[in-house]
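Below is one structure, written out as structure tokens; comments come after it.
Nothing in this text is a laboratory measurement; each read-out follows from the coordinates by a stated rule. Nothing here was measured: the structure is a model prediction, and the numbers come from that model. Quick reminder, even Gly has a Cβ in these numbers, built from the backbone with ideal geometry, and neighbours come from all protein chains shown.
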Amino acid sequence: MNEPEKDAPIYVTRPLLPPLEEFLPYLRQIWDSKWLTNNGPFHHQLEQALAEYLGVRHVALFTSGTVALITALQTLRIVGEVITTPYTFVATAHSLLWNGIKPVFVDIDPVTLNLDPSRIEAAITPQTTAIMPVHCYGEPCDVARIEHIADIYGLKVIYDAAHAFGVQHEGSSVLNHGDLSVLSFHATKVFNTFEGGAIVCHDAKTKQRVDHLKNFGFVDEVTVVAPGINGKMSEINAAFGLLQLKGIDAALARRKVIAARYSSALASTPGIQCVLSADRAGANHAYFPILVQADYPLGRDELFEKMRRRNVFARRYFYPLITDFPMYRGMPSAAHANLPVARKVADQVICLPIHPELSDEQADFIAGLIAG
Ligand SMILES: *Cc1c(COP(=O)(O)O)cnc(C)c1O
């Protein structure tokens, strides 16, 4: 096998960056107009373009996914307790704490690694007002069952869809489920605006409330209707998003090829389980998680270090669990006995490098390191 240069590092992800020359005309337009932020033309165009591309009604752009999550909770006036997953990026639970809301952690499904719907009802109390599930790795949650439970108990549903850009579920965007969905456009995500995020909603009234909340609560020059925040995406970030959108289909197609390559190379490696099959319809292949099981010759961290020594920088998403961090550890729902599946998976998972610039040779080299 042809091994790449040992000192050429391979990262878990690389940002999509179109050629700089293609960005210059956008910058010139911003400089000429001197319209830098506050609902400028690129902001408006990107909201329209994303709604069309994603197949959703309304998109409200934000400075980050985290500010969008915090604002989504404010939009629906969520208080009390919210049921969520421990197996996600820490921002999911942090957005609850920033709103003075108590996260209630529920274990995950061992197959999808998403919030296990069969365990939600037991966690509902009179204080519960909402469910905040995550489409982990872009794999859709069991949206039908979650919606059913939410309807019975009168709960709101806010999806953390930070991983789910472009994901289709049963023929339409997965973002059309729940009351709101939140996207992240951070540099490490499938689609990026350097930093950025969005709230997806389904009616004009909600979009208007979101737009007020992300602009200090201003309705007009002299009217403030809510204690809003500054969550507005700048014209530079929005322009970059418009440019990047042109290359997104090719990027998604390349991700699919790499996922298929890993899947077939690792299919017969004892002790390695690929979490997601490469041929799921409507997937975005944002991540390629594997589970290192007891019958693999190395422990998970040993394999992780072995890859590092060959300059392959995989990541242990999501380890540690959110519930191991000090601000969550003492909560009753964070107890080990409450989250056996999440704990086990967090100790087995490695996300392999996957991004549009990863070559076939690099993918084969990584699969070879794991198999050998
Ligand atoms: C990236 C991410 C976020 C935070 O998004 P930012 O844009 O970085 O603020 C939230 N939730 C999940 C699941 C994420 O992966």
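Annotations for the structure displayed:
- Gyration tensor verdict on region 129-278 (Cα atoms; rounded if a/c is under 1.5, prolate if a/b is larger than b/c, oblate otherwise): oblate
- Antiparallel %, DSSP beta bridges [both residues in region 20-245], to 5: 50
- Relative frequency of Cα-Cα separations exceeding 34 Å in the chain, percent: 29
- For the listed peptides 55-61, 244-250, 221-227, a ranking on the average number of other beta carbons within 10 Å per residue, highest first, reads 55-61, 244-250, 221-227.
- Look at the alpha carbon pairs under 8 Å that are at least 6 residues apart: their mean separation over the length of region 20-245 gives a relative contact order of 27 percent.
- Of the residues Arg28, Arg145, the one with the fewest other Cβ atoms within 10 Å heads the list, and the complete ranking is Arg28, Arg145.
- Along each principal axis, Cα extent of region 248-371, largest first, Å: 45, 34, 24
- Within region 129-287, antiparallel bridges make up roughly 60 percent of the DSSP beta bridges whose residues both belong there.
- Counted by neighbouring Cβ atoms within 10 Å, the residues Met233, Met307, Met331 run from fewest to most as Met331, Met307, Met233.
- Put the Cα centre of region 216-242 next to the Cα centre of region 112-130 and the gap is 33 Å.
- Take the Cα of Leu27, go 7 Å toward its beta carbon, and the backbone nitrogen atoms of region 236-275 under 13 Å from that spot belong to 236-237, 240.
- Of all lysines in the structure, those lying under 25 Å Cα to Cα from Lys189, and not within fewer than 8 positions of it along the same chain, are Lys207, Lys214, Lys232, Lys246, Lys256.
- With the simple model of a label 7 Å out from the Cα in the direction of the Cβ, Glu305 to Tyr153 spans 4.2 nm.
- For the chain, built as a Gaussian network whose Cα springs stay under 10 Å, the top-fluctuating residue of Val174, Val82, Val219: Val219
- When the convex hull of its Cα atoms is viewed from all sides, region 320-368 shows a mean projected area of 5.0 nm².
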